[in-house]
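Derivation of every value follows stated rules applied to the coordinates shown; laboratory data play no part. Predicted model, so just to flag it, every value in this text is computed and none were measured. Every residue, glycine as well, gets a Cβ built from its backbone with ideal geometry; the counts of neighbours run over all protein chains shown.
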DNA sequence: TGCTAATTAGCAATTCATGCAAATTAGCAA
DNA sequence: TTGCTAATTTGCATGAATTGCTAATTAGCA
């Protein structure tokens with residue numbers, strides 16, 4: 001995702017307001033590799049801005065996602081996670097502790113797929129399930 | 001998944017009872033390529049067995065899943081889908097109508113993954129997003 | 001400084017799924 | 001065939017995650 005400064009400009013340019021809540025979330029997400037859920041971000045945001053609402057956190061995150069600045073990750077259990085890395089990449093999740101990491105898969109856009117039955121493919125999401133170094 | 005007859009034997013052999021509700025779900029799922037949700041199966045089951053409870057449908061499906069007879073598919077939106085195909089395979093989902101198909105990906109277990117950072121991988125789930133022939 | 005559309009907060013509502021306890025029943029044994 | 005008992009089913013309550021709605025607030029511009 002863009003930097004907080006760039007996002008500020010991009011928002012204003014589109015007629016969107018740059019509120020303190022949004023700025024805080026820009027900062028919390030920028031460069032964040034934790035793949036946090038909305039609840040996690042809400043508690044982090046609350047520490048810096050008591051009274052911010054969970055609703056606003058959800059709102060801002062989904063807004064950023066629909067602008068293409070965040071990627072939503074569904075790991076199959078629990079809440080959706082948000083990822084500021086919007087490059088072509090995929091994820092591993094530790095089945096022990098739930099930790100998620102970004103991974104890069106060579107040739108993930110050129111997989112040989114059988115059984116497409118007329119479907120055309122726009123994008124590919126790969127989720128690897130395994131164990132992290134601590135949980136192994 | 002095994003055939004209804006084989007499942008009947010397998011259940012009895014484990015001390016589990018073969019109730020009419022379970023038999024119905026065995027039949028509804030066997031060879032089913034629709035990737036139905038629990039709600040869909042509940043309405044199909046209700047047509048043949050009025051009064052069957054949604055709770056029982058969920059219970060039986062998750063029991064079958066934990067026996068390895070069904071695969072759970074999370075497509076990132078809406079309810080979990082159930083798949084009697086337990087071979088190594090993956091899925092395409094049509095972003096228009098939500099239709100899901102099984103697909104086979106050559107070499108999906110030998111992908112070159114970068115950034116694993118000490119994680120070991122046990123299994124891989126690939127979800128392709130696209131459009132089906134009708135929605136294209 | 002004021003205006004106005006955008007945003008926030010906060011609570012209700014929804015969706016999907018599981019927990020629980022009472023009533024029922026499959027499968028076995030006599 | 002009958003009765004027993006543990007397994008199962010129901011049905012309702014509960015829970016987690018997320019969205020809908022609306023009044024109150026506020027950013028950004030004139």
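Worth pointing out:
- Using a Förster distance of 51 Å, the FRET efficiency for residue A:104-residue B:27 (Cβ separation, nearest 0.05): 0.70
- The mean count of C-beta atoms from other chains within 10 Å of the C-beta of residues in B:68-76, rounded to a whole number, is 2.
- Between 0 and 90°, nearest 10: helix B:38-48 axis offset from chain B longest Cα axis: 30 degrees
- Axis angle, to the nearest 10 degrees, between helix A:4-13 and the longest C-alpha principal axis of chain A: 80 degrees.
- For residue A:112, the distances from its label point to the matching points in the remaining copies are 1.6 nm, ordered from shortest, with each point set 7 Å beyond Cα toward Cβ.
- More than 21 Å apart - percent of Cα-Cα pairs taken over chain A: 50 percent
- Angle between chain A longest axis and helix A:20-29 axis [Cα atoms, degrees, rounded to 10]: 30 degrees
- Partner chain coverage, peptide A:95-104 - average Cβ within 10 angstrom: 3
- Within 10 Å of each Cβ in B:107-115, the average number of Cβ atoms from other chains: 5
- Separation of alpha-carbon centers, the range A:1-54 and the range B:35-67, rounded to whole Å: 42 Å
- The protein assembly as shown: C-alpha gyration tensor shape, a/c 1.5 cut-off, then a/b vs b/c: prolate
- Sorting A:119, B:82 from the fewest to the most surrounding beta carbons within 10 angstrom yields A:119, B:82.
- Taking every alpha-carbon pair under 8 Å whose residues sit at least 6 apart, chain B reaches a relative contact order of 21 percent.
- Model label points for residue A:66 and residue A:8, set 7 angstrom from Cα along the Cα-to-Cβ axis, are 2.5 nm apart.
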